[in-house]
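The values are calculated or read from the model by the stated rules, or taken from the named source; none is laboratory data. Predicted model only: the values in this text are computed from it and were never measured. As a convention, Cβ positions derive from the backbone with ideal geometry for all residues, glycine included, and neighbour counts pool all protein chains shown.
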Amino acid sequence: MAVFPLINGFYPSYADIVLKVDGFQIVGATDVSYDDDLKRSAVYGTQKVQLGLTNGKYVPNGSITLLLPAATFLLATLSTVGLALGGFRFVPFAVTVSYQPLGPLPLVTDAFECYLGKQEAKNKVSDDPSDRTFGLYLTGAILWNGSPGALDLNSIGAVA
C-alpha cells in the first residue's frame, strides 16, 4: 500500500492552488473545473457477446468562475489581443492549475489551452461578491500533472 506524504499534515485544498492564465496569476477564481473523457462505443457483430470497443473520441470540458474584478481583467486582456481577430472569444489562452505544496514535495500542475465560451452573470440580492462564470472550449488534451488524457498517435506529423 502506497503512502503519500501530506503537506504539513494536511491534504491539498483549494487554498493551495496557484492559478495562472497566460502567465498572470489569478487570485479571484472561486471555481476552476475541468474534466475529460474518452467516449468509446461497444462493438457488436452477429452475436450476443461484445467484440470489443472503438478507440473513442476524446472530449475535454472546463469552466471557471471569477470574481468580477478578475473577470474584467481577463476580458480586457483578451479584448486587446482579440480586437484584430473579431473579439475576445477568438483568443486562445493557456490555463495552469498548480497545487503549490510547501517544502520538498513535488509540484503538481495541470494545464490546458482553451477559448472562452458561454459567459454567465448572476446578479442577486446577497452579501456574496459579484462573479462571472465562463464555459471553456479546450483545444486539446488536458495535461494531468504533465500526462495527456489522450494522444492520437496516428496524427503525429499530419497536416490539417
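Does L75 count as surrounded by 15 or more Cβ atoms within 10 Å (Cβ to Cβ) and either at pLDDT below 95 or polar (S, T, N, Q) (or both)? For L75, the condition - surrounded by 15 or more Cβ atoms within 10 Å (Cβ to Cβ) and either at pLDDT below 95 or polar (S, T, N, Q) (or both) - is met. Considered as a group, the residues in segment 78-114 that are at pLDDT below 90 and polar (S, T, N, Q) include one that is surrounded by the fewest Cβ atoms within 10 Å (Cβ to Cβ), and that residue is Q100. Checking each residue in segment 137-151 for being in a loop (DSSP other than H, G, I, E, B) and either free of Cβ contacts under 8 Å to residues at least 40 places away in the same chain or of a type in the set (A, V, I, L, M, F, W, C) (or both) picks out A141, I142, N145, G146, A150, L151.
Starting from segment 62-81, keep only residues that are farther than 24 Å from I142 by Cα, then list their pairs with residues that are in a helix (DSSP H, G or I) whose Cβ atoms are within a distance under 7 Å, requiring at least 6 positions of separation or different chains. Pairs that qualify, where the first residue is farther than 24 Å from I142 by Cα and the partner is in a helix (DSSP H, G or I), are S79/F88.
Table: residues versus (1) at pLDDT 85 or above; (2) at negative phi; (3) crowded, with 16+ Cβ neighbours inside 10 Å.
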| position | (1), (2), (3) |
| --- | --- |
| P5 | no, yes, no |
| V18 | no, yes, no |
| V21 | yes, yes, yes |
| A29 | yes, yes, yes |
| V32 | yes, yes, yes |
| L38 | yes, yes, no |
| S41 | yes, yes, no |
| T46 | yes, yes, no |
| L53 | yes, yes, no |
